[in-house]
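K.L.:
Following this message is one structure expressed as structure tokens.
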Amino acid sequence: MKNREVARILYEVASLLELEDVPFKPRAYQRAARSVEACSTPVEELAEGDRLRELPDVGKAIGEKIQEIVRTGSLRYHQELKAKLPVDLFELTRVQGVGAKTAKQLYEALGVRNLLDLERAAKEGRIREVPGMGAKTERRILKGLAEARGTDRRELLWYAMTAMELLRRALEDSGLFAQLSAAGSLRRGVETVGDLDLLGVSERPEKASRFFACLPEVEEVLMQGPKRTSVKLAGGLQVDLRIVPASSYGAALQYFTGSKAHNIRLRERAGARGMKLNEYALTDAEDRVVAGKDEEGVYRELGLLWIPPELREDQGEIQAAERHELPQLVERSEIVGDLHVHTDWSDGTADLESMTEAARVEGLAYIAVTDHFRFSTTVGGVNTDELLRQVDAIGELNESSAGVRVLAGIEANIQRNGDLDVPARVLRRLDIVIASVHSHFRLSSAEMTRRLERVMDNELVDVLGHPTGRLIGERPPYDADWDEVFYRAAKTGTALEVNANPQRLDLGAPLVRRALEAGARLMLGSDAHATDHIRFLEIGVRTARRGWAEAKHVLNTLPVDALLATRKRGGRE
Ligand SMILES: [Zn+2]
Ligand SMILES: [Zn+2]
């Protein structure tokens with residue numbers, strides 16, 4: 001065990017004691033932690049030689065605690081304290097503006113347990129709602145978060161989109177822009193975004209760029225001018241606004257949307273035809289402008305259909321556009337149901353009725369309630385009795401309301417051997433069964449592949465949930481032979497989820513495409529744990545589009561009865 005890990009436990013003990021208003025002890029633990037952290041000899045070595053007392057600020061009592069950590073890998077005293085406040089205090093208190101007391105308050109008011117929760121709460125504007133905190137605290141926390149994680153981090157697509165929407169609405173409402181669009185990787189729907197690109201046309205570019213630089217969301221102006229303005233938002237995200245003449249808008253939009261690889265192919269194509277393409281226009285050999293004011297014109301004059309931004313990765317889209325064989329990409333408006341929704345029966349924050357109402361507001365015709373099955377002792381999930389009671393509650397809800405149809409489902413856990421943890425007789429009572437890996441992530445590729453194949457062979461399993469288990473920026477996908485998995489999904493008629501949670505987007509776009517090539521079908525799920533989260537479907541659609549998915553590939557474009565008829569066990573019983 002590394003000194004840093006031992007110190008981390010001691011630091012956390014210090015914070016927890018501080019919260020309990022214990023006198024003196026917090027400081028003692030803090031000093032001991034610092035001493036362990038600063039020591040160049042591994043504490044294990046010191047513990048073995050009974051030399052812990054050599055460490056400055058480590059007395060008998062704390063010395064014994066360190067012995068216990070070295071021996072057992074954890075500290076009972078720490079765990080007892082932590083049981084009362086199960087949050088990652090160490091990480092949270094590293095953020096400027098968050099002390100132990102703030103962390104406790106945030107946990108009690110908003111359920112914030114770790115940095116990711118903190119970031120979400122801050123970005124969703126929920127911290128300002130906590131009594132005694134306000135918008136100023138929220139801004140300070142956002143800034144602290146940006147600093148804590150450095151400047152080079154990329155933003156998750158959902159949060160980049162949310163920020164972009166706010167800016168775009170403000171700019172549009174100003175009346176200063178004749179045309180305005182997002183460009184860059186955000187427009188292509190890439191799962192993480194480095195910075196935001198905006199492109200506009202304005203008759204008053206000076207005034208328009210000043211207006212932009214003065215928006216309340218802007219924390220810092222990096223440069224400002226009538227052609228280009230760069231700013232930083234409170235969360236650390238950089239935004240570039242370029243204002244171009246109307247005659248160049250299409251060429252600029254094409255250019256700044258990228259990708260680089262796609263643009264290189266396009267310029268080569270222009271060159272081969274004796275033309276030149278840049279951010280201002282497409283011109284012919286005599287330097288006459290052939291196209292530039294809209295994107296369609298640029299592609300048309302190059303002998304191509306207009307290519308949706310999600311496909312612009314030089315992955316065969318130019319050839320497809322030339323042969324008029326571009327896919328008819330699935331649209332958000334074609335998604336009529338959400339098949340992965342949690343409620344407060346497990347770890348969701350809203351009840352059944354609220355989630356159903358949220359789905360109605362989103363324009364959906366049906367949702368599947370797929371709570372966790374006894375997820376773990378800390379997070380909690382439904383047990384068999386609760387699940388059966390939920391099925392009855394859903395039945396009653398469907399009878400009393402004529403609006404959104406609610407399907408009874410479950411997100412069952414796939415055990416190490418590929419079996420589910422829910423009895424088959426219970427699964428038969430449900431409309432839809434999602435099976436997900438929530439444990440034993442680190443198997444060999446062969447073992448994981450067998451595990452996933454075995455669960456898909458189960459005729460009661462309709463969907464493989466978040467198939468690769470990755471968490472963007474946090475956890476890589478687990479090892480498996482994905483082509484084998486996709487082939488088995490196609491063969492058994494098991495749908496593969498495109499989980500739309502911002503940090504998952506799982507399957508990701510490249511694997512979506514391979515899954516479709518194997519003949520598998522997709523299911524889009526928001527994995528909502530709150531009413532707001534149903535809107536995540538939008539980025540699930542973007543990801544499916546980047547994987548060349550059409551409506552016919554996606555189960556939840558079907559009306560509910562047709563959907564149920566696709567199950568391996570057939571239609572309704
Ligand atoms: Zn899950
Ligand atoms: Zn889930």
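The values are calculated or read from the model by the stated rules, or taken from the named source; none is laboratory data. Bear in mind the structure is a predicted one, so any value in this text is a computation, not a measurement. A quick note on method: Cβ atoms are made from the backbone with ideal geometry, for glycine too, and the neighbour counts reach across all protein chains shown.
K.L.:
Could you list, in sequence order, all residues of the stretch 345-366 that are in contact with a Gly (Cβ under 6 Å, 6 or more places away or on another chain) and either of a type in the set (Val, Ile, Thr) or over 17 Å from residue 535 (Cβ atoms) (or both)?
P.N.:
If the condition is that a residue be in contact with a Gly (Cβ under 6 Å, 6 or more places away or on another chain) and either of a type in the set (Val, Ile, Thr) or over 17 Å from residue 535 (Cβ atoms) (or both), then 346 is the only one that fits.
K.L.:
Would you mention how many residues in the stretch 128-156 are in a loop (DSSP other than H, G, I, E, B) and β-branched (Val, Ile, Thr)?
P.N.:
The qualifying residues number 2.
K.L.:
I'm trying to understand the selection: among the residues of the stretch 82-108, which are closer than 17 Å to residue 5 by Cβ and either at pLDDT 90 or above or not charged (D, E, K, R) (or both)?
P.N.:
Passing the criteria: 89, 90, 93.
K.L.:
Another one. Would you be able to say whether some residue in the stretch 407-414 is within 20 Å of residue 555 (Cα to Cα), surrounded by fewer than 24 Cβ atoms within 10 Å (Cβ to Cβ) and in contact (Cβ under 8 Å) with a residue 24 or more places away in the chain?
P.N.:
Checking the stretch 407-414: at least one residue is within 20 Å of residue 555 (Cα to Cα), surrounded by fewer than 24 Cβ atoms within 10 Å (Cβ to Cβ) and in contact (Cβ under 8 Å) with a residue 24 or more places away in the chain.
K.L.:
Could you look through the stretch 441-462, keep only residues that are within 25 Å of residue 522 (Cβ to Cβ) and in a loop (DSSP other than H, G, I, E, B), and pick out the one that is nearest to ligand 1 (Cβ to nearest atom)? Lay out the reasoning, then the answer.
P.N.:
Within the stretch 441-462, the subset within 25 Å of residue 522 (Cβ to Cβ) is 441, 443, 445, 448-462.
Within this subset, residues satisfying the condition of being in a loop (DSSP other than H, G, I, E, B) are 441, 443, 458-462.
Details: 441: 12, 443: 17, 458: 17, 459: 21, 460: 18, 461: 14, 462: 15 Å.
Taking the candidates together, the pick is 441.
K.L.:
Right, something else. Tally the residues that are surrounded by fewer than 16 Cβ atoms within 10 Å (Cβ to Cβ) and in contact (Cβ under 8 Å) with a residue 40 or more places away in the chain, restricting the search to the stretch 422-452.
P.N.:
Within the stretch 422-452, residues that are surrounded by fewer than 16 Cβ atoms within 10 Å (Cβ to Cβ) and in contact (Cβ under 8 Å) with a residue 40 or more places away in the chain number 2.
K.L.:
Considering the stretch 316-349 alone, what residues qualify as being in a loop (DSSP other than H, G, I, E, B), under 19 Å from residue 296 (Cβ atoms) and more than 21 Å from the chain's Cα centre (by Cα)?
P.N.:
Answer for the stretch 316-349, where residues must be in a loop (DSSP other than H, G, I, E, B), under 19 Å from residue 296 (Cβ atoms) and more than 21 Å from the chain's Cα centre (by Cα): 323, 324, 325, 326, 327, 328.
K.L.:
Answer yes or no as to whether residue 534 is β-branched (Val, Ile, Thr), farther than 23 Å from residue 311 by Cα and either out of contact with any Gly (no Cβ under 6 Å at 6 or more places or on another chain) or buried (at least 24 other Cβ atoms within 10 Å of the Cβ) (or both).
P.N.:
The answer is yes for residue 534.
K.L.:
Consider residue 159 against the criteria (1) assigned to a strand (DSSP E or B); (2) in contact with a Lys or Arg (Cβ under 6 Å, 6 or more places away or on another chain): it satisfies all of them except one. Which criterion is unmet?
P.N.:
(1)
K.L.:
Still on this structure, I have one more. Which condition from (1) surrounded by 21 or more Cβ atoms within 10 Å (Cβ to Cβ); (2) within 16 Å of ligand 2 (Cβ to nearest atom) is the one that residue 374 breaks?
P.N.:
(1)
K.L.:
Can you tell me how many residues in the stretch 510-533 are within 13 Å of ligand 1 (Cβ to nearest atom), in contact with a Lys or Arg (Cβ under 8 Å, 6 or more places away or on another chain) and not polar (S, T, N, Q)?
P.N.:
1
K.L.:
Do you know which of the residues in the stretch 431-440 that are in a loop (DSSP other than H, G, I, E, B) and closer than 11 Å to residue 415 by Cβ is nearest to ligand 1 (Cβ to nearest atom)?
P.N.:
In this case the residue turns out to be 438.
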